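Here is the structure we will look at, set down as structure tokens.
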Amino acid sequence: MLHYDFSLIALIGVILLVGIVKKNAIMMIDFALVGERVLGLTPEKSIYEACLLRYRPIMMTTMAALLGGLPLALGSGAGSELRRPLGITIVGGLLLSQFLTLFTTPVIYIYLSKITRSRRAPDVLDQDPHSSAPSAVNQLRAAE
């Protein structure tokens, strides 16, 4: 489409993209896990709240990287043939990956939590409901 080969410089851009996308997903999932464990929210509600809380910082990081890559992608002059593949990789990859991350991470989180709950259900049923050991949520609330 843009008639550029996938070079070593473009590979550096892909590595940068993987790091940013991974960080964004970790931020959402970390907040969702805190919502589940500390606040006792359902997985659906906790990932929804995490998405609302972390949307702005995720977009700020993405836009900073995207706008930083625009001069590389659009620049001309001496050395631009080396920098342009990096800029195109950053700008195009951030646009696509940000869209996919914001929509797929919550869906994957909900499905994995359902699988985890279905595997954990027999263990929970075997526990004595009158045991004196406090639950993890109560322990976290008491620690605050």
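A compact table of results
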read-out	value
Counting all C-alpha pairs of region 1-74, share separated by more than 13 Å (%)	72 percent
Equivalent ellipsoid semi-axes - Cα gyration tensor, region 35-123, angstrom	40, 14, 8
Rounded accessible area of residue 28 (nearest 10 Å², 1.4 Å probe)	0 Å²
Sites matching trypsin sites (Lys or Arg not before Pro) across region 1-95 that sit in DSSP coil, with at most 11 neighbouring C-beta atoms within 10 Å	none
Extension gain (nm, one decimal) between residue 14 and residue 56, 0.36 nm per residue minus Cα-Cα	12.8 nm
Residue 78-residue 116 pseudo-label distance in nm [points 7 Å out on the Cα-to-Cβ vector]	5.5 nm
Label-point separation, residue 22 to residue 96 (7 Å along Cα→Cβ), nm	2.0 nm
Low-density loop cleavage sites - chymotrypsin sites (Phe, Trp or Tyr not before Pro) in region 1-38, where at most 16 other Cβ are within 10 Å (DSSP)	4, 6
Size descriptor, Kirkwood hydrodynamic radius, that averages inverse alpha-carbon separations across region 50-94, Å	11.3 Å
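The values are calculated or read from the model by the stated rules, or taken from the named source; none is laboratory data. No experiment lies behind these values; they were computed from the predicted model shown. Methodologically, a virtual Cβ is constructed for each residue, glycine included, from the backbone with ideal geometry; neighbour enumeration extends over all protein chains shown. Each accessible area value is taken on the protein alone, full model and side chains, heavy atoms only, with ligands, DNA and RNA left out. Shrake-Rupley method; radii C 1.70, N 1.55, O 1.52, S 1.80 Å.
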